[in-house]
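Structure first, commentary second.
The values are calculated or read from the model by the stated rules, or taken from the named source; none is laboratory data. All figures in this text were calculated on a predicted structure; none of them were measured in a lab. Quick reminder, even Gly has a Cβ in these numbers, built from the backbone with ideal geometry, and neighbours come from all protein chains shown. Please note that ligands, DNA and RNA were not included when accessible areas were found on the heavy atoms of the full protein model with its side chains. Shrake-Rupley method; radii C 1.70, N 1.55, O 1.52, S 1.80 Å.
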Amino acid sequence: MGNPLRILHVVVNMNRGGAETLIMNLYRNMDRSKIQFDFLTSKEGVFDAEIRKLGGKIHRIPYISEVGHFAYKKHLNQFFTENHTYKIVHAHMDKMSGLVLQSAKKAGIAKRISHSHNTRSEGGLASRIYKWYAGNLIMNNATNLVACSKQAARWLFKSNQADILKNGIECKLFSFSAETRNIVRKEWNIENDTFVLGHVGRFAQQKNHRFLIDIFAEFVKENEKSILVLVGEGPLIPEVLARVRALNLEKKVKFLGVRSDINRVLQALDVFVFPSLHEGLPVSLIEAQAAGLPCMVSEQVSKESDLGMNLLQFLTIDDCSSWSSQLKKVASLQPARTVHQDSLAKQGYSIRETANELKEFYLSMSG
């Protein structure tokens with residue numbers, strides 16, 4: 001039996017972001033006798049130890065924000081020159097993948113995948129101009145295009161010709177459990193009749209936390225026995241904390257940080273609130289629906305996120321009142337939280353099926 005085919009995944013770091021969580025879910029469920037994952041990153045990540053335990057290698061080069069354009073390109077070219085034996089490079093850096101794939105092509109790496117996980121670039125004007133430049137390199141240097149949704153494909157590739165790889169999850173892991181709900185609420189010192197709103201996402205502009213806090217501030221005026229739970233980390237935590245303090249909500253908002261047990265966290269919630277400015281097809285929304293949670297979602301999020309379970313309500317992000325009104329309706333109901341996990345699998349959101357699909361994709365590319 002031969003050695004497994006080693007795929008090089010390129011990311012900034014392997015922390016608990018949506019794309020990174022998907023990659024790890026795929027890695028855990030991959031047939032590693034046939035396919036092995038290695039990583040090119042620029043920073044340490046929480047998944048690094050597990051990656052090494054699963055047999056993956058982690059390579060590191062400085063990121064462009066640390067060394068500048070020319071030094072970053074030099075590091076990329078040097079890395080791929082020294083590691084040209086990889087047959088397949090899979091880049092997950094949205095528009096910045098253009099630089100990665102250009103260097104991989106220069107080094108003679110045969111198959112080069114650009115994977116779109118989003119629908120808009122972050123950053124200021126200078127950053128977005130640079131990403132526009134990098135994004136223009138993708139089509140001439142990628143041999144294969146992959147996206148989490150059609151909308152994500154149209155944004156990055158200006159085309160519908162990408163292969164769609166759905167953001168699969170461990171469906172059964174998220175099945176609602178009243179017992180788990182009670183246990184988690186006890187851990188948080190939350191009474192059973194408290195209405196709990198929740199959000200999972202990095203504290204970055206894209207996730208629109210300030211608007212989320214304002215929604216909750218309006219809702220809690222008439223629904224005093226309610227709590228907002230925020231999961232994640234990121235650069236805007238101080239700003240969000242300041243907003244919470246300014247609105248005197250310190251006792252009403254819980255910051256849980258990064259969690260490895262999102263499946264348990266979701267059991268304790270009553271509604272999932274997701275007012276993002278843009279998204280591809282977020283893993284967290286798939287997980288929330290798998291847990292049977294009603295979801296209040298920004299209209300800026302791809303409609304492909306709706307799995308047809310009557311759990312998603314799309315709302316504009318123009319004002320808080322419509323969100324608060326919809327939350328009041330949800331609070332007055334008691335949803336059954338029953339989800340037929342087989343229906344998720346049939347729609348292609350079983351991680352085992354997604355991992356097998358990706359395995360066959362890689363093997364077909366390698367010949």
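Things worth noting here:
- Qualifying positions in the range 339-367 - of a type in the set (D, E, K, R) and open to solvent by less than 40 Å² (accessible area, probe 1.4 Å): K359
- Residue that is nearest to the chain's Cα centre (by Cα) [pool: residues in the range 123-150 that are within 24 Å of T354 (Cα to Cα) and among the hydroxyl-bearing types (S, T, Y)]: S149
- Search result, residues across the range 234-249 that are open to solvent by less than 70 Å² (accessible area, probe 1.4 Å), more than 16 Å from G201 (Cβ to Cβ) and in a loop (DSSP other than H, G, I, E, B): L247, L249
- Which listed residue, of K166, K254, K207, K186, is of a type in the set (K, R), on the phi < 0 side of the Ramachandran plot and more than 24 Å from the chain's Cα centre (by Cα): K186
- Screening F70 against (1) modelled with pLDDT under 95; (2) open to solvent by 10 Å² or more (accessible area, probe 1.4 Å); (3) among the hydrophobic types (A, V, I, L, M, F, W, C) leaves a single unmet condition, (1).
- Listed by first and then second residue, the pairs with beta-carbon distance under 6 Å, at least 6 apart or on different chains, first residue in the range 206-232 and without any contact (Cβ under 8 Å) to a residue 40 or more places away in the chain, second of a type in the set (S, T, N, Q), are V220/S226; K225/T194; I227/T194.
- Selection over the range 164-201 of residues that are open to solvent by 10 Å² or more (accessible area, probe 1.4 Å), in contact with a Phe, Trp or Tyr (Cβ under 7 Å, 6 or more places away or on another chain) and at pLDDT 95 or above gives a count of 0.
- Taking the range 283-338 as the range and being open to solvent by 30 Å² or more (accessible area, probe 1.4 Å) and among the charged types (D, E, K, R) as the test, the residues that pass are E299, K303, E304, D306, D318, D319, K328, K329.
- The single condition among (1) in a helix (DSSP H, G or I); (2) modelled with pLDDT of 90 or more that Q300 does not meet is (1).
- Entry remark, the range 80-95: residues being touching a residue at least 12 places away in the same chain (Cβ under 8 Å), assigned to a helix (DSSP H, G or I) and open to solvent by 10 Å² or more (accessible area, probe 1.4 Å) number 3 in total.
- Out of L307, L281, one residue alone is at pLDDT below 95 and under 16 Å from T21 (Cα atoms). It is L281.
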